[in-house]
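Take a look at the structure below.
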Amino acid sequence: MKNSHKAYGFGLGAVLLWSTVATAFKLALAHYSPLELLLVASVSSILALGIILICQGKLALLGRQLRSSPFLYLQTGLLNPFLYYLVLFKAYELLPAQQALSLNYTWAVLLPLLSVPLLGQKLRKSDLSAALLAYVGVFIIACGGKPMALEFAAPEGVALALLSTLLWCLYWIINTKDKGDPVVSLMLSFLLGLPFILLGLAYQGTVPSLALNALLPGIYVGLFEMGLTFVLWLLALKNAERTASISTLVFLSPVLSMGVITLVLGETIAPATVLGLGLILLALAMQQLWPKVKARFSPKPMAEQI
């Protein structure tokens with residue numbers, strides 16, 4: 001099989017799985033608190049990643065990478081899985097799945113903005129325009145399609161969903177300093193994040209249910225949101241001839257997710273969600289494509305034309 005075919009196969013597999021996790025969140029949260037779900041999902045992900053590393057012969061890299069950057073992995077573990085998923089699951093607990101899903105996609109718009117002060121990158125006009133457009137979409141979703149009324153149905157849930165995007169961006173910015181194997185790095189993050197989860201549960205004084213109707217969606221979240229799907233996406237990028245062609249597959253995920261949410265959860269997709277998500281996706285497309293379009297049609301310097 002050609003590498004490009006493999007890349008699209010792995011990429012589509014990852015996107016299809018990611019399209020189901022918003023629904024899985026809601027199904028699992030019907031039985032678990034956010035912290036309980038985080039424990040079940042994290043342990044499931046650790047077991048899955050451990051098996052993958054054994055199959056790849058990379059288990060010995062865990063100790064080597066940890067010794068090289070212990071504080072780095074402590075930071076990433078605190079952010080992901082602990083803080084990011086704790087906040088995200090709480091947002092899903094408070095909001096309809098369609099709203100939490102849509103708001104979560106704004107992380108890709110926020111990332112370039114945070115990269116300016118934290119990584120010293122240059123701010124582009126397209127980044128500012130995309131952010132403005134995306135957060136107009138957020139405002140429409142938060143107001144239920146009635147922005148003039150300024151009435152927010154679940155302000156705490158909206159705030160938590162947006163906070164989760166900030167935490168995810170901080171995780172990826174810190175992750176730029178990591179030069180190790182990405183699967184090993186993810187495993188280390190989950191291993192070092194696990195004690196924080198256990199301490200939180202000890203403080204909360206609860207233990208996750210082992211009933212199958214609770215356990216199965218929790219394990220599903222761990223496998224297909226946190227663990228295996230990440231590896232599929234890495235394989236897609238590794239086999240891709242052009243990374244950009246694979247990255248565009250991500251735009252399929254929210255659309256497919258809405259279909260799964262409707263079919264499984266029975267949520268009626270609100271017009272405000274459609275409009276708001278449409279603006280967010282348009283912002284993401286503009287952010288990715290506008291610089292390339294501008295570069296293509298900008299007049300070349302005289303020296304290049306001769």
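The values are calculated or read from the model by the stated rules, or taken from the named source; none is laboratory data. Predicted model only: the values in this text are computed from it and were never measured. Positions of Cβ are generated from backbone atoms using ideal geometry, with glycine treated the same way; all protein chains shown enter the neighbour counts. Surface areas here come from the heavy atoms of the whole protein model, side chains and all, with no ligands, DNA or RNA. Shrake-Rupley method; radii C 1.70, N 1.55, O 1.52, S 1.80 Å.
Here are some notes:
- Matching residues, the stretch 112-132, being of a type in the set (A, V, I, L, M, F, W, C) and surrounded by 20 or more Cβ atoms within 10 Å (Cβ to Cβ): Ala130
- So Leu27, is it touching a Pro at 6+ places or on another chain (Cβ under 7 Å) and at pLDDT 95 or above: yes
- Any chance Gln98 is over 22 Å from Asp181 (Cβ atoms), among the polar types (S, T, N, Q) and not in a helix (DSSP H, G or I): no
- Search result, residues across the stretch 104-125 that are part of a helix (DSSP H, G or I), under 25 Å from Thr273 (Cβ atoms) and not aromatic (Phe, Trp, Tyr): Asn104, Ala108, Val109, Leu110, Leu111, Pro112, Leu113
- On inspection, Val158 does not qualify as touching a residue at least 12 places away in the same chain (Cβ under 8 Å), within 21 Å of Pro271 (Cβ to Cβ) and touching a Gly at 6+ places or on another chain (Cβ under 7 Å).
- Of all the numbered requirements in (1) surrounded by fewer than 21 Cβ atoms within 10 Å (Cβ to Cβ); (2) under 16 Å from the mean Cα position of the chain (by Cα); (3) modelled with pLDDT of 90 or more, Val274 misses one, and that requirement is (2).
- Checking each residue in the stretch 197-233 for being open to solvent by 60 Å² or more (accessible area, probe 1.4 Å), more than 13 Å from Ser45 (Cα to Cα) and either part of a loop (DSSP other than H, G, I, E, B) or touching a residue at least 40 places away in the same chain (Cβ under 8 Å) (or both) picks out Leu198, Gln204, Gly205, Val207, Leu210, Asn213.
- Count of the stretch 60-75 residues which are within 11 Å of Ser189 (Cβ to Cβ) and of a type in the set (Ser, Thr, Tyr): 1
- Number of residues in the stretch 64-87 that are of a type in the set (Gly, Ala, Ser) and either open to solvent by 10 Å² or more (accessible area, probe 1.4 Å) or more than 14 Å from Pro182 (Cα to Cα) (or both) equals 2.
- The numbered conditions (1) farther than 14 Å from Leu191 by Cβ; (2) open to solvent by less than 10 Å² (accessible area, probe 1.4 Å) are all true for Lys6 except (2).
- Verdict on Leu17 being under 21 Å from Leu249 (Cα atoms) and assigned to a helix (DSSP H, G or I): yes
- Selection of the stretch 88-111 for residues being open to solvent by 20 Å² or more (accessible area, probe 1.4 Å) and not hydroxyl-bearing (Ser, Thr, Tyr) yields Lys90, Glu93, Leu94, Pro96, Gln99, Asn104, Trp107, Ala108, Leu110, Leu111.
- Some residue of the stretch 56-76 being closer than 27 Å to Ala97 by Cα and assigned to a helix (DSSP H, G or I): yes
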